[in-house]
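*Asks:* Take this structure, written in C-alpha cells, and hold onto it; I'll ask about it next.
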Amino acid sequence: MSAPLPTASDWRPWFETYGARLLLVARQWTRSGSDAEDVVQEAFVRFWRQQRHLGGDPLPLMITSVRRAALDLLRSRDRREQREQAHVDLNAELWFQPAIEENERATQLEEAVTKLPSEQREVVVLKIWGGLTFAQIAEQLEMSANTAASRYRYALTALRQTLNPVENHG
Amino acid sequence: MDNSLQELERELEALSPQAPSAALMNRLETELAADATAATPTRPPVTRRRYHTATSWTSWKWANWSVAAGLVALLAVATHWTDDSPAAGPLPETPVAAASTDALRPVRAARTLVESRPEAILELPDGSPVERVRDYFVDTIEWQDAAGEAQLRWEVPREAVRFVALTSY
C-alpha cells in the first residue's frame with residue numbers, strides 16, 4: 001500500500017526538511033538572500049501544487065525548479081545591474097547557521113566556501129547540501145559528469161589548501 | 001579521494017545552511033493556505049454549479065430554443081400562406097413540419113472559443129495532478145430560406161470544463 005498523499009497542511013515539515021538546503025542552492029544563482037527566498041518560494045509552491053504527488057526523491061525536482069526560477073529572475077533583471085551587484089552581495093550575508101559554540105574551524109570553512117570560484121562552489125553546494133549525484137549535477141548544470149566530479153575535487157583541494165596552507169605546501 | 005578530502009567532506013556536511021526567514025515562512029503560509037481553502041473536490045459537485053447551460057434541462061436557456069423553434073414555425077407558416085392564398089384551394093398534402101424545413105434550412109453552424117480560464121489544480125483519485133480549465137464558447141447557428149430572403153441567426157453562450165494533466169519538467 002502506498003503512503004497516503006500529503007494534505008495541504010503538511011507543507012511545513014516538508015519545508016523544514018528541505019527549505020534551508022534549497023535556500024543555499026538558490027543563493028548560488030541569485031544576487032541576494034531576498035532574491036533566493038523569492039526563488040525558493042516560487043519553486044516550492046510550484047512543487048507543492050503540481051509535483052509533490054509524483055513520488056521519488058523530491059529534492060532534485062525542487063532544485064530543478066529553483067534553478068529555473070533563479071534563471072528567470074536573472075533574465076528579468078538588467079544585465080548591467082547584475083554585474084554591479086553580483087560581486088557586492090556575495091559575502092554580505094550569512095550562508096550558514098552560526099555555530100552554537102565558538103568554532104573557528106567551522107567559521108573558516110564557511111568563509112572558504114563562499115570564496116570558491118562560482119563554478120566550483122555550485123557543484124559543492126549541489127553535492128553536499130543538495131544531495132545530488134554527479135550525474136544529477138551534470139544534468140542540472142548541463143555539463144558532463146566527469147566535469148562535475150573534477151570541479152568538486154578541485155574545490156575540495158582548494159578548500160583544504162585554504163584551511164591548511166602549511167600542510168599542503170609540505 | 002584521499003582521507004583528508006573525505007574528512008573535509010564530513011566537515012562540510014556538518015555545516016547547517018541558514019534557515020528560511022520567518023517572513024518566507026509567512027509568505028508560504030499565506031500562499032498555500034489559499035490552496036487549502038480552495039481544496040480539491042475531485043469531481044465538481046453538480047448541485048453547486050455556478051453556470052447553467054442549454055445542456056441542463058433546468059436551464060432558462062431552453063427558452064431560447066423554444067423561441068427559435070416558434071419563429072421557424074411562424075416563418076414557415078407565413079411563407080406557406082403567402083404562396084397559397086391566391087389559389088384559395090385546399091391545403092397541400094405536405095405537412096407543416098416538412099414545409100418548415102423547406103422554408104428555412106440550417107446553412108451555418110459555428111463554435112467560437114471566446115476564453116479559456118484556468119481555475120484550479122486538482123487531484124484525481126489516483127493522485128495525479130490536473131488543472132481544471134473552463135472554456136467559454138459562443139455557438140452560432142444560421143438558417144436561411146432557399147431564396148436567401150429570410151434568415152434566422154441564433155447565438156448562445158456555452159461553457160465546457162476540461163481537465164489538463166500536469167506533468168513534471
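*Asks:* How much net charge surrounds A:Q108 when only other residues with a Cβ under 11 Å from its Cβ are counted (Lys, Arg +1; Asp, Glu -1)?
*Replies:* Values: positive: A:R105, A:K115; negative: A:E104, A:E110, A:E111, B:E11.
Net local charge, A:Q108 excluded: -2.
*Asks:* Taking the Cα-to-Cβ direction at B:E7 and at B:A22 and moving 7 Å from each Cα, how far apart do the two end points lie in nm?
*Replies:* Distance between the two pseudo-spin positions: 4.1 nm.
*Asks:* Residue by residue through the range A:11-20, which ³J(HN,Hα) values in whole Hz follow from phi under the Karplus form 6.51 cos²θ - 1.76 cosθ + 1.60 (θ = phi - 60°), with glycine and proline marked x?
*Replies:* 5, 4, x, 4, 6, 5, 6, 9, x, 5
*Asks:* Mind giving me the nanometre distance, one decimal, between the label points for B:A110 and A:R77, set 7 Å out from Cα along Cα→Cβ?
*Replies:* Going by the 7 Å Cα→Cβ label model, 4.9 nm.
*Asks:* Related question: Show the residues, 5+ positions off or on another chain, whose built amide H is closer than 5 Å to the amide H of B:Q18.
*Replies:* Here the answer is A:F96, A:Q97, since their amide H atoms fall under 5 Å of that of B:Q18.
*Asks:* Summed for both chains, how many Å² of accessible area, to the nearest 100, are buried between B and A with a 1.4 Å probe? All intermediate terms of the calculation are to be shown ahead of the outcome.
*Replies:* Values: alone 13150 and 11000 Å², together 20250 Å².
Buried area between the two chains comes out at roughly 3900 Å².
*Asks:* By average Cβ neighbour count within 10 Å, what is the ranking of A:123-136, B:142-155, A:47-60 from highest down? Provide the component values of the computation, followed by the final result.
*Replies:* Working: A:123-136: 21.4, B:142-155: 13.4, A:47-60: 16.8.
Top of the packing list down: A:123-136, A:47-60, B:142-155.
*Asks:* Averaged per residue, what accessible surface does the range A:97-170 expose to a 1.4 Å probe, in Å²?
*Replies:* Numbers: 4210 Å² over 74 residues.
For the range A:97-170, the per-residue accessible area is 57 Å².
*Asks:* Now a separate question. Classify the range A:97-170: rounded, prolate or oblate, from the alpha-carbon gyration tensor (a ≥ b ≥ c, eigenvalue square roots; a/c under 1.5 rounded; otherwise prolate if a/b is larger than b/c)?
*Replies:* On the way: a/c = 2.91, a/b = 1.52, b/c = 1.92.
Taking the square roots of the gyration eigenvalues as a ≥ b ≥ c, the range A:97-170 is oblate.
The values are calculated or read from the model by the stated rules, or taken from the named source; none is laboratory data. Since the model is a prediction, treat every value here as computed from it, not as a measurement. In this analysis, Cβ positions are derived from the backbone assuming ideal geometry, glycine residues included, and neighbour counts consider all displayed protein chains. Remember, those area values only see protein heavy atoms, side chains included, never the ligands or the DNA or RNA. Shrake-Rupley method; radii C 1.70, N 1.55, O 1.52, S 1.80 Å.
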